[in-house]
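Comments concern the structure below.
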Amino acid sequence: MPDSDREYETIFIKDEIARCEDIDELRRSIFPLIKTQQDMWAAKIISIINDNDLTKKGLAEAVGVSRVSVDKWCKGSLPKNRETFLRIGLVAGYDIEKMNQLLQRYGRYPALYSKSLEDCICLYVLSRKRGADALKTYLYILDRIRNNITNSSNDDDDDPETVLFDKRVSEIESDDEFEQFISDNISVFSRAYNKFYAYVKMCISLNYGGYTGSVFELAEGQNWSSSLRHCVSAIRQGKWYPTRNKIISLGLHLSMDHDQIDEMLELAHMEPLCAKNIFESVVMFILDDALLNDMLDSSLDTYDPDELCRYARNILGKLNIPEVEAFISELPEDNDE
């Protein structure tokens with residue numbers, strides 16, 4: 001399907017979501033238009049195995065997981081982390097465009113970003129090698145750099161435009177030159193997600209509400225999960241690698257609207273909420289409905305910072321969507337139930 005057709009289809013579905021008056025209408029009208037993420041992934045990993053003349057055992061050994069894990073993937077279970085998706089794409093012989101599609105469409109992770117250390121190495125390798133050699137080279141260079149480069153004393157404030165940084169990476173001619181490039185630009189890598197961190201910190205500070213002014217008080221008051229608290233702690237230290245569902249969860253906990261969550265995703269170098277993903281279509285419906293019903297207006301006397309999370313849990317709990325189980329565990333239960 002041409003890109004223009006895909007874009008039109010996405011806009012059409014997004015508009016239809018906005019017209020839905022309740023979750024039953026969403027389920028009847030929208031869900032039949034969208035495959036689940038698990039169905040899409042099962043078909044994708046099976047095609048990767050077949051197209052590369054691999055066995056499940058061969059893929060497992062190449063990627064560094066168990067045969068049981070690959071069996072689960074073929075039934076729709078998703079790899080647990082972004083690094084595994086990178087390894088699968090390298091084994092599959094993907095170029096940069098296909099790798100980005102794998103990460104974004106199937107893993108729902110950000111595309112390759114040259115100012116992220118692991119991604120920069122991956123971009124360098126993808127421009128030179130394919131298949132098993134690409135994965136071996138990636139792991140070898142990554143191991144060397146991690147062992148040889150600790151926190152650099154490079155305090156240079158220079159932060160080149162990403163397009164220029166991409167170009168500089170593409171012009172490197174040897175592994176030794178690449179390692180020197182990493183060493184010279186270590187401060188750039190350390191700041192890769194600073195804008196995202198700053199935005200989250202700002203939004204947290206605006207949502208203290210009746211709490212005493214600490215994130216701990218906010219988390220306690222809203223019964224945040226331990227994983228979400230760990231995520232916020234890591235953000236404050238500038239050490240968290242953004243994951244898509246955690247960003248969405250954080251947005252709900254902070255009573256963000258659709259545009260604010262999209263802003264967070266953009267700052268984390270991810271695509272906005274996707275109407276063609278069943279789970280995210282429900283999130284979009286929840287946010288649109290919450291806005292119409294004044295759940296997000298903190299200036300109102302009736303504003304309740306927990307209401308959006310409770311409403312989201314109530315809606316998501318009615319749906320049999322595989323993505324929901326882990327996500328919903330982070331949302332507070334309605335005390336009135």
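The values are calculated or read from the model by the stated rules, or taken from the named source; none is laboratory data. Just so it is clear, the model here is predicted, and its values are computed rather than measured. Every residue, glycine among them, receives a Cβ derived from its backbone with ideal geometry; neighbour counts consider all protein chains shown. Just so you know, the surface numbers come from the protein's heavy atoms only, side chains and all, with ligands and any DNA or RNA stripped out. Shrake-Rupley method; radii C 1.70, N 1.55, O 1.52, S 1.80 Å.
Note down all Cβ pairs under 8 Å where the first residue falls in the range 177-206 and is without any contact (Cβ under 8 Å) to a residue 60 or more places away in the chain and open to solvent by less than 40 Å² (accessible area, probe 1.4 Å), the second is in a helix (DSSP H, G or I) and charged (D, E, K, R), and they're at least six residues apart or on different chains.
That search, which allows pairs on different chains as well, returns Glu179/Arg144; Phe181/Arg168; Tyr197/Arg236.
Counting only residues that are in contact (Cβ under 8 Å) with a residue 24 or more places away in the chain and under 30 Å from Arg191 (Cβ atoms), give me the helices (runs of 4 or more DSSP H) lying completely in the range 253-316 with at least 2 of them. Walk me through it before giving the result.
Working: elements: 258-267, 278-292, 307-316.
Passing ranges, in order: 258-267, 278-292.
Could you tell me which of the residues Glu323, Glu330 is open to solvent by less than 20 Å² (accessible area, probe 1.4 Å), modelled with pLDDT under 90, among the acidic types (Asp, Glu) and in contact with a Leu (Cβ under 8 Å, 6 or more places away or on another chain)? Give the steps one after another, and end with the answer.
Numbers: Glu323 fails: in contact with a Leu (Cβ under 8 Å, 6 or more places away or on another chain).
From the options Glu323, Glu330, the qualifying one is Glu330.
For the range 79-109, name all the residues that are touching a helix residue (DSSP H, G or I) at 6+ places or on another chain (Cβ under 8 Å), open to solvent by 40 Å² or more (accessible area, probe 1.4 Å) and closer than 18 Å to Asp39 by Cβ. Step through it out loud before you land on a result.
Let us first name the residues in the range 79-109 that are touching a helix residue (DSSP H, G or I) at 6+ places or on another chain (Cβ under 8 Å), namely 79, 82-96, 98-99, 102-103, 105-109.
Next, only the ones that are open to solvent by 40 Å² or more (accessible area, probe 1.4 Å) stay: 83, 87, 95-96, 98, 105.
Scanning the range 79-109 gives a single hit, Arg105.
Tell me which of these Phe178 doesn't satisfy, since it passes every other one: (1) aromatic (Phe, Trp, Tyr); (2) at pLDDT 85 or above; (3) touching an Asp or Glu at 6+ places or on another chain (Cβ under 9 Å).
(3)
Regarding Asp304, is this residue surrounded by fewer than 19 Cβ atoms within 10 Å (Cβ to Cβ) and closer than 25 Å to Phe196 by Cα?
Working: surrounded by fewer than 19 Cβ atoms within 10 Å (Cβ to Cβ): yes; closer than 25 Å to Phe196 by Cα: no.
Judged against the criteria, Asp304 is not a match.
Any residue in the range 100-121 that's assigned to a helix (DSSP H, G or I) and aromatic (Phe, Trp, Tyr): show its pairings with residues that are open to solvent by 30 Å² or more (accessible area, probe 1.4 Å) and at pLDDT 90 or above at Cβ separation under 9 Å, as long as the two are six or more apart or on different chains.
From residues that are assigned to a helix (DSSP H, G or I) and aromatic (Phe, Trp, Tyr), the pairs are Tyr106/Lys44.
Checking the conditions here, which among Ser227, Ser281 is under 30 Å from Arg27 (Cβ atoms), open to solvent by 10 Å² or more (accessible area, probe 1.4 Å) and small (Gly, Ala, Ser)? First the steps, then the outcome.
Values: Ser281 fails: open to solvent by 10 Å² or more (accessible area, probe 1.4 Å).
None of the others qualify; the one that does is Ser227.
Residue by residue through the range 161-180, note down the ones that are farther than 23 Å from Glu97 by Cβ and of a type outside the set (D, E, K, R).
Step one: list which residues in the range 161-180 are farther than 23 Å from Glu97 by Cβ, which gives 174-177, 179-180.
Answer for the range 161-180, where residues must be farther than 23 Å from Glu97 by Cβ and of a type outside the set (D, E, K, R): Ser174, Gln180.
If Asp24 satisfies all but one of (1) open to solvent by 30 Å² or more (accessible area, probe 1.4 Å); (2) closer than 30 Å to Leu117 by Cα; (3) of a type in the set (D, E, K, R), what's the number of the condition it fails?
Unmet condition: (2).
Failed condition for Pro272, given (1) touching an Asp or Glu at 6+ places or on another chain (Cβ under 8 Å); (2) modelled with pLDDT of 85 or more; (3) crowded, with 19+ Cβ neighbours inside 10 Å, with all others met?
Tallying (1) touching an Asp or Glu at 6+ places or on another chain (Cβ under 8 Å); (2) modelled with pLDDT of 85 or more; (3) crowded, with 19+ Cβ neighbours inside 10 Å, Pro272 fails exactly one: (3).
Would you please name the residue that is farthest from Arg27 (Cα to Cα), looking only at residues in the range 235-259 that are touching a Cys at 6+ places or on another chain (Cβ under 7 Å) and open to solvent by 20 Å² or more (accessible area, probe 1.4 Å)?
Trp240
Does at least one position in the range 53-66 carry a residue that is in a helix (DSSP H, G or I), among the charged types (D, E, K, R), at pLDDT below 90 and surrounded by 16 or more Cβ atoms within 10 Å (Cβ to Cβ)?
Within the range 53-66, the subset in a helix (DSSP H, G or I) is 56-63.
Remaining after also requiring among the charged types (D, E, K, R): 56-57, 61.
The next check asks that each one be at pLDDT below 90; those that pass are none.
No, the range 53-66 contains no residue that is in a helix (DSSP H, G or I), among the charged types (D, E, K, R), at pLDDT below 90 and surrounded by 16 or more Cβ atoms within 10 Å (Cβ to Cβ).
Mind counting the residues in the range 245-263 that are under 20 Å from Arg82 (Cβ atoms) and either of a type in the set (A, V, I, L, M) or more than 16 Å from the chain's Cα centre (by Cα) (or both)?
4
Given the conditions (1) out of contact with any helix residue (DSSP H, G or I) (no Cβ under 8 Å at 6 or more places or on another chain); (2) at pLDDT 85 or above; (3) open to solvent by less than 80 Å² (accessible area, probe 1.4 Å); (4) farther than 18 Å from Lys246 by Cβ, and given that Glu217 satisfies all but one, which numbered condition is not satisfied?
(2)
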